[in-house]
1. Let me have the 222 nm mean residue ellipticity of the chain computed from DSSP H runs of 4+ only, each contributing -39500 (n - 2.57), with the sum over all residues rounded to the nearest 500.
2. Quick one: what are the phi-derived ³J(HN,Hα) couplings along the range 85-99, Karplus 6.51/-1.76/1.60 with θ = phi - 60°, whole Hz, x for glycine and proline?
3. Do any chymotrypsin sites (Phe, Trp or Tyr not before Pro) in the range 272-380 lie in a DSSP loop with no more than 15 other beta carbon atoms within 10 Å, and if so, which?
4. Lysines within cross-link reach of Lys104: Cα-Cα under 23 Å, excluding same-chain residues under 8 positions apart?
5. Quick one: if the Förster radius is 41 Å, what FRET efficiency do Ser238 and His59 give, using the C-beta to C-beta distance and rounding to 0.05?
6. Using the alpha carbon gyration tensor of the chain, what are the three equivalent-ellipsoid semi-axes (square root of 5 times each eigenvalue), largest first, in whole Å?
7. Give me the number: length gained by fully extending Leu44 to Trp174, i.e. 0.36 nm times residue separation minus the C-alpha to C-alpha distance, one decimal in nm.
8. Might you report the magnitude of the Cβ-based charge dipole of the range 198-398 about its Cα centre, with Lys and Arg at +1 and Asp and Glu at -1, to the nearest 20 debye?
Amino acid sequence: MLLGSEAVSLSGSAVSTLALPALAVLELHASTTEVAVLAFLGQLPNAFALWAGALSDRHPKRPQLIASDLAAAGALVTIPAAAVAGALTVGQLCVVAIVLGAAKVVHDAAAISLLPALVQPARLHDANAKLGAASAVADSAGTNAGAALVSAVGPAHSVLADAVSFLASAAFVWRMRIPETTTAARTRTGLARDIADGLRYVTRQPTIRTVIAALSTLSFGLAVMNTYWAYYLLDRLSVSPSAFGVIMGIGGAGGVAGALLAPRIAARIGIGPTIIVGFAVSPLAQVPLLCAGPGPRWQIVLAVTLAVQLFWATASGTSQRSLRQTLCDPAFQGRMQSASTTLTAGARPPAAVTAGGLVLLLDVRATLAVGALLQVVPVVLLLASPIRAMRKIPARAVVPPAHEGATS
């Protein structure tokens, strides 16, 4: 049920990802500043991921999943309603973007931390692999469907598909019947205390701490590159929009394969090496990009390289997520996941600012090179940790409750 819920909501969200900016630009004639504000407000709720994680640990997760899906669906329905009435504004789109972002933060914190309660520890890696593959397929299918819907019925009415997807997701979750324990709720502490306890727990678990640090530094380096990645391909390398789509499609196929094969790869070479190889391939995969020139041969090289990069990125991603979920105390699952979300998502805005500053001092290619070099840092962090010798996911380490450690 969780797999169906995640797949259907992701496919619908991919439609809105295309439809909202298209609606702002094509029908409401938003300025560049308004478009930037719309994008910023959509990401703003990520700053409150720690609160979402604390709520996830404090209360049962199923009601949170259902409530977030219904809130997102309700916000989306207002767009075609306002469009029909001739009252749609950029301001309303901004409010909808905030609601969607907040719903996503709450949903993700509850969904990711719920998975360990649904499956046995021995099957957790396989479950994460299936979720990763389904998410990649759903996102790709949703993007293609979104482009078709925007062209066929217009961006305002195409968001109804996303609203329906959230309702379907809520229905899937409603049918789940699982026992849930909410240890954090029994302590009767304040939400701020729950967050502080969660952060202390994460910092005191060395493997979880190292993986999250590696994820956040990788996110920063990738975000530096992603700021100008599409621009570099389309402008400097003269890649056509259709060829760009083909490159992205081939890369996405690599991601699906990596998610499906992650458990087999980890069983063959070990969970630690799988994680480290995934991180190490990322900076290496940027070398062909930095050496590339215009022409179809280079486009083929870039497509293959992106497929390899995403193959190992998803294999590594499902492996490190399974490792963190297994090691983490059930009472801290939501807060552990939200700490990771806060640091990885929080690294992207300053990385974009850094990229903007670098491009003024250097050029686009040199800025991309800096982003690639920054991606070496998380590899060093992982190689310097016990993760490099880890062949199987170990049993959960016993870590005293954070509030007890704080008072000793």
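1. -26500 deg cm²/dmol
2. Per-residue couplings from phi come out as 7, x, 10, 6, 9, 5, x, 5, 4, 5, 4, 4, 4, 5, 4 Hz.
3. Sparse-neighbourhood loop chymotrypsin sites (Phe, Trp or Tyr not before Pro): none present.
4. Reachable lysines: Lys61, Lys130.
5. The pair Ser238/His59 has a calculated efficiency of 0.20.
6. Computed over the chain, the values are 32, 29, 20 Å.
7. 44.0 nm
8. So the magnitude is around 740 debye.
Values in this text are rule-based calculations from the coordinates and carry no lab data. Everything numeric here is computed off the predicted structure, so don't read it as measured data. In this analysis, Cβ positions are derived from the backbone assuming ideal geometry, glycine residues included, and neighbour counts consider all displayed protein chains.
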